[in-house]
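**Q** I'd like to ask you about the structure that follows.
Every number in this text was worked out from the coordinates using simple rules, so none of it is lab data. What you see is a predicted model, and the numbers here were worked out from it, not measured in a lab. For neighbour counting, all protein chains shown are included, and Cβ atoms are generated from backbone atoms with ideal geometry for every residue, glycine included.
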Amino acid sequence: MHRTLEVALEVGIATIRLNRPEARNAVNLAMCEELLDAARSIAADATVRVVFVRGAGPVFCAGADLKERTGKTKEWIRERRVKAFAAYQALEALPMPVIAVVHGPALGAAIEISSVCDFIVATPDATFGTPEAIRGTVGATQRLPRVIGKRLAKDLMFTGRRLSAAEAVAAGFVSRIYQQNDLEKAIEEIAKSILAAPPMAIRLAKRCIDRGVELDPQGALAVELEAIDEQLASGSWLGKQ
């Protein structure tokens, strides 16, 4: 049982819902630990083909739970951050597509969570910001610049500016915007498309993209050739299962 998350499993689909609406889904220590546990459980479940990460209530996630840090030692704070890193990395390492569904504010830790997902679907009221530096801490400095570029990332970090959903699409952070009334149908269609595709091909494509962007062109092509060889050896090529 989770205290800070809802994890739902249906045919081929896992949904992780941040579930602290009374705290605007702020990420606390328990949520870090439960996100890590949920990611590990999903990774071990061969039936899961796609994962959605969502938020309960009117806010996707307001960032780290700063109230939790009151009275804590610097050692505790550092360990809490290390556990958050482990949770984000576990979500990022999932072999199947992981999609963030963002509504309302997504701040700080929410940028980390949505950044580790393969793409983001948002509603028009979604906003994205990284207020860590203006709050006197450090965070969200690594993944976001790799997606939107270092200059825009610095603008957000140094000034507290938030991107609207439309601006986030223009920056390449958000892939799609749907009106709230259309959102559930859109999610259903996304899941349907992924579930209809050969699972090995989807996983290999994700792996090739994730590894390839960190390499030079020659190294990236080697990663793709390795995936092709793996697929041919498995007999799952050209849609075969």
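**Q** With a cut-off of at most 15 other beta carbons within 10 Å, and DSSP calling the residue loop, which trypsin sites (Lys or Arg not before Pro) in the range 40-76 qualify? Please list them. Don't jump to the answer; show the numbers that get you there.
**A** Working: sites: Arg40, Arg49, Arg54, Lys67, Arg69, Lys72, Lys74; in loops: Arg49, Lys72.
Of the trypsin sites (Lys or Arg not before Pro), the ones in loops of the range 40-76 whose Cβ has at most 15 other Cβ atoms within 10 Å are Lys72.
**Q** Only four residue types carry charge here, +1 at the Cβ of Lys and Arg and -1 at the Cβ of Asp and Glu. Report the dipole size of the range 102-216 about the Cα centre in Debye, rounded to the nearest 20. Working shown, then result.
**A** Values: 15 positive and 13 negative charges, 67 e Å.
Approximately 320 debye in magnitude.
**Q** Would you please state which residues of the range 163-184 a label at Ile134 would reach in this model, taking the label point 7 Å out along Cα→Cβ and a backbone N cut-off of under 11 Å?
**A** Zone members listed by number: 163.
**Q** Using a 10 angstrom cutoff on alpha carbons, build the Gaussian network for the chain and name the most mobile of Ala220, Ala122, Ala106.
**A** Greatest mean-square fluctuation among the candidates belongs to Ala220.
**Q** Could you go through the range 140-147 in sequence order and give the Karplus-derived ³J(HN,Hα) for each residue, using 6.51 cos²θ - 1.76 cosθ + 1.60 with θ = phi - 60°, rounded to whole Hz, and x for Gly and Pro?
**A** 6, 9, 10, 6, 4, x, 6, 9
**Q** Is the range 36-131 best put as rounded, prolate or oblate by its Cα gyration tensor, with a ≥ b ≥ c the root eigenvalues, rounded for a/c under 1.5, and otherwise prolate when a/b is larger than b/c, oblate when not?
**A** Judged from the Cα gyration tensor, the range 36-131 comes out oblate (a/c at least 1.5, b/c at or above a/b).
**Q** Under the 0.36 nm per residue contour assumption, what length would be gained going from the current alpha-carbon distance of Phe158 and Glu6 to full extension?
**A** Answer, rounded to one decimal: 51.3 nm.
**Q** Under 1.5 on a/c is rounded, so check that first for the chain, then, if it is not, pick prolate when a/b is larger than b/c and oblate when it is not; a ≥ b ≥ c are the square roots of the alpha carbon gyration tensor eigenvalues.
**A** The shape class here is prolate.
**Q** Where does each of 128-135, 176-183 land if you order them by average Cβ count within 10 Å, highest first?
**A** Highest mean packing first, the order is 128-135, 176-183.
**Q** Assign one of three labels to the range 126-234, namely rounded, prolate or oblate, based on the Cα gyration tensor with a ≥ b ≥ c the square roots of its eigenvalues; rounded applies when a/c is under 1.5, prolate when it is not and a/b is larger than b/c, and oblate otherwise. Don't jump to the answer; show the numbers that get you there.
**A** Values: a/c = 3.23, a/b = 1.41, b/c = 2.29.
Oblate, because a/c is 1.5 or more while a/b does not exceed b/c.
**Q** While we're looking at this one, here's another question. Assigning unit charges at the beta carbon (Lys, Arg +1; Asp, Glu -1) and nothing else, what dipole magnitude in debye, to the nearest 20, does the range 167-216 show about its Cα centre?
**A** 260 debye
**Q** On to the next question. Please give the FRET efficiency for Ala166 paired with Arg78, using the beta carbon to beta carbon distance and R0 = 30 Å, rounded to the nearest 0.05.
**A** 0.20
**Q** Between Ala43 and Leu232, how many nm apart are label points set 7 Å from Cα along the C-beta direction?
**A** The answer from the label model is 3.0 nm.
**Q** Per DSSP H run of at least 4 residues, take -39500 (n - 2.57); add these up for the chain, divide by its residues and hand me the 222 nm value, nearest 500 deg cm²/dmol. Walk me through the intermediate numbers first.
**A** Numbers: 9 runs with 113 residues, N = 241.
When only DSSP H runs of four or more count, the value is -14500 deg cm²/dmol.
**Q** With the dipole of the range 72-161 worked out from charges on the C-beta (+1 for Lys and Arg, -1 for Asp and Glu) around the Cα centre, which of Ala100, Gly136, Gly160 lies farthest toward the positive end?
**A** Result: Gly136.
**Q** Label-point separation (nm) for Gln179 and Asp125, each offset 7 Å from Cα along Cα-to-Cβ?
**A** Distance between label points: 1.5 nm.
**Q** Between Ala196 and Ala30, what's the calculated FRET efficiency when r is the beta-carbon distance and R0 is 45 Å? Round to 0.05.
**A** The calculated FRET efficiency here is 0.80.
**Q** Then there's this: So, counting K/R as plus one and D/E as minus one, what does the shell of residues with Cβ under 14 Å around Ala100 add up to?
**A** Working: positive: Arg17, Arg54, Arg143, Arg176; negative: Glu92, Glu112, Asp118.
Summing Lys and Arg as +1 and Asp and Glu as -1 gives +1.
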